[in-house]
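The values are calculated or read from the model by the stated rules, or taken from the named source; none is laboratory data. This is a predicted model, so every value here is computed, not measured. Note: ideal-geometry Cβ built from the backbone for every residue, glycine included; neighbour counts use all protein chains shown.
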Amino acid sequence: MKKLIYLLPRILSIIIIGFLALFILEGFDPSFGWQSGLAHAVLALVVLVVTIIAWKWPKAGGWIFVAVGIAPLWEAIKSGSSSPAYLGQLLIGIVPILTGVLFLIDGFKKPNH
């Protein structure tokens, strides 16, 4: 169980980076333009930096992941369930929060970190 608490947030953070990086390919479509691909690349790089921070300092990275997840979750709650993107926003918000909580659990289990 201890190994699962250690590995699961790291795997989830890599999945989040891959998911965001997948949208970089959108920039190659002529109807979207390069700005869309660049925005997704920057977002994926920011999450990569947060992941690196979380691997080094699980408590700090956990709180950052929780903060990153609150924004889309707040938008989903604000827009209500009538919005077609409601479920997507919920998932985009819940997964980073879950990742952050798991990093926090891992961080608080280790002494002197």
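Within the stretch 93-105, identify whether any single residue is in a helix (DSSP H, G or I) and free of Cβ contacts under 8 Å to residues at least 24 places away in the same chain, and answer yes or no. Can you show your working first?
Filtering the stretch 93-105 for residues in a helix (DSSP H, G or I) gives 93-105.
Among the residues that remain, those that are also free of Cβ contacts under 8 Å to residues at least 24 places away in the same chain are: none.
No.
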Residue check for W74: under 20 Å from F108 (Cα atoms) and not in a loop (DSSP other than H, G, I, E, B): no
By residue number, the members of the stretch 7-48 that are of a type outside the set (G, A, S), over 17 Å from the mean Cα position of the chain (by Cα) and assigned to a helix (DSSP H, G or I) are L25, E26, F28, W34, Q35, L38
Cβ-Cβ under 8 Å pairs, at least 6 apart or on other chains, the stretch 65-78 side over 18 Å from I15 (Cα atoms) and free of Cβ contacts under 8 Å to residues at least 60 places away in the same chain, far side of a type in the set (S, T, N, Q) and surrounded by 13 or more Cβ atoms within 10 Å (Cβ to Cβ): L73/Q89; E75/Q89; A76/S83; A76/Q89
Only one residue in L48, L43 is farther than 15 Å from G100 by Cβ and touching a residue at least 24 places away in the same chain (Cβ under 8 Å), so which one is that? L48
Considering the stretch 1-13 alone, what residues qualify as being surrounded by fewer than 16 Cβ atoms within 10 Å (Cβ to Cβ) and at pLDDT below 95? M1, K2, K3, L4, I5, L7
Determine whether D106 is buried (at least 16 other Cβ atoms within 10 Å of the Cβ) and of a type in the set (D, E). yes
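Results for (1) closer than 30 Å to I105 by Cα; (2) at pLDDT 90 or above; (3) surrounded by 13 or more Cβ atoms within 10 Å (Cβ to Cβ); (4) touching a strand residue (DSSP E or B) at 6+ places or on another chain (Cβ under 8 Å), shown as yes or no for each residue.
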{"position": "I15", "(1), (2), (3), (4)": "yes, yes, no, no"}
{"position": "S36", "(1), (2), (3), (4)": "no, no, yes, no"}
{"position": "T51", "(1), (2), (3), (4)": "yes, yes, yes, no"}
{"position": "W55", "(1), (2), (3), (4)": "yes, yes, yes, no"}
{"position": "K78", "(1), (2), (3), (4)": "yes, no, no, no"}
{"position": "S82", "(1), (2), (3), (4)": "no, no, no, no"}
